[in-house]
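Below you'll find the structure, written out as structure tokens, and then a few comments.
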Amino acid sequence: MPRRANNKNKILTIAILSLITGTLNAIAIVISFYPASIARVFRYIASGLFGLSAFTEDNMVFWGLLFHCVITVVFSLGFWAIYPKFKSGLKNKYLIGVIFGLIIWVVMNFAVLPLTNIPKPPEHTVSLLAVIEGIAALIICVGLPIALISDRYYIRKAKRAARRRVRNNYS
């Protein structure tokens, strides 16, 4: 019975984590693309797979939202799983959140986005301010929530394990 409860807690934690990071990151993306409409923002994301046709075809907002959610879930799950390794070395959950946000920015901008069909901006048009805003958004909206929620989950897990050991020692 306790094993099933732990799995339920794990799945619920990952679901909540993914929902929070996905929602916060979507809000940050919409704000950063302002005054573009929300539909245009998610069409832009869909253009990663569908190219320029994403701006004219139906259902592309859905695809953009789906792609955004999948990417956020993958990062959330991945960093949630490796959080204990980071915590054993760094100890500071806030620093870990900052590092996660930086890693996500680097992976997205240097590994994922170059492989997509997203329209590329003309060279030298990306400002330092835009880069800093992008990194800050990922730290605040994705990295820190992953670190804080993961820390809480793993602390509770350790406390449950300690209580079980104490109970087993007295049984």
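The values are calculated or read from the model by the stated rules, or taken from the named source; none is laboratory data. Given the structure is predicted, the values throughout are model-derived calculations rather than measurements. Every residue, glycine as well, gets a Cβ built from its backbone with ideal geometry; the counts of neighbours run over all protein chains shown. Heads up: the accessible areas ignore ligands, DNA and RNA and are worked out on the full protein's heavy atoms, side chains in. Shrake-Rupley method; radii C 1.70, N 1.55, O 1.52, S 1.80 Å.
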### Query
Zone of N92 (label point 7 Å along Cα→Cβ, backbone N under 17 Å): which residues in the stretch 126-140?
139-140
### Query
In the stretch 36-171, what percent of the accessible surface is made up of carbon and sulfur (1.4 Å probe, ligands and nucleic acids excluded)?
69
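Could you work out the relative contact order of the chain? I mean the mean sequence separation of Cα pairs under 8 Å and 6+ apart, divided by the number of residues, in percent.
Answer for the chain is 30 percent.
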### Message
Using just the Cα positions, wrap the stretch 2-55 in a convex hull and report its mean projected area in square nanometres, one decimal place.
### Response
4.7
### Cleavage-rule hits, GluC sites (Glu not before Pro), the stretch 39-143, DSSP coil, Cβ neighbours within 10 Å at most 14
E57, E123
### Task
Note down the nm distance, to one decimal, between modelled labels 7 Å out along Cα→Cβ at V131 and at N59.
3.9
### Task
Jot down the per residue volume, in cubic angstrom and as a whole number, of the convex hull over the alpha-carbon atoms of the stretch 14-159.
108
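Stretch R163-F33 to full length: gain in nm at 0.36 nm per residue minus the Cα-Cα span? Let's see the in-between values first.
Values: separation 130, 0.36 × 130 = 46.80 nm, distance 4.89 nm.
In short, 41.9 nm is gained.
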### Query
Counting other Cβ atoms within 10 Å, which trypsin sites (Lys or Arg not before Pro) in the stretch 64-160 have at most 15 and lie in a DSSP loop?
K91
## Note on the structure
Per its Cα gyration tensor (rounded if a/c is under 1.5, else prolate when a/b beats b/c, else oblate), the stretch 25-81 is best filed as oblate
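Highest mean first, what order results for 24-31, 115-122, 49-56 on Cβ atoms within 10 Å?
Numbers: 24-31: 17.0, 115-122: 11.6, 49-56: 14.9.
Final packing ranking: 24-31, 49-56, 115-122.
Kirkwood hydrodynamic radius of the stretch 65-121 from all distinct Cα pairs, in Å? Don't skip to the answer; put the middle values down first.
Working: mean 1/r = 0.0787 Å⁻¹.
Result for the stretch 65-121, one decimal place: 12.7 Å.
What helices in the chain pass both tests, a Cα length along the helix axis of 27 Å or more and a mean Kyte hydropathy of -0.5 or higher, using whole DSSP H runs?
Values: long enough: 2-32 (44 Å, 0.70); 60-90 (42 Å, 1.35); 144-170 (39 Å, -0.87).
Going by DSSP H runs, the hits are 2-32, 60-90.
Quick check on my link table: of K85/K157; K87/K157; K8/K85; K8/K91, which ones sit more than 18 Å apart, alpha carbon to alpha carbon? Please list the in-between numbers first.
Values: K85/K157 15 Å; K87/K157 14 Å; K8/K85 22 Å; K8/K91 27 Å.
Too far apart for the 18 Å limit: K8/K85; K8/K91.
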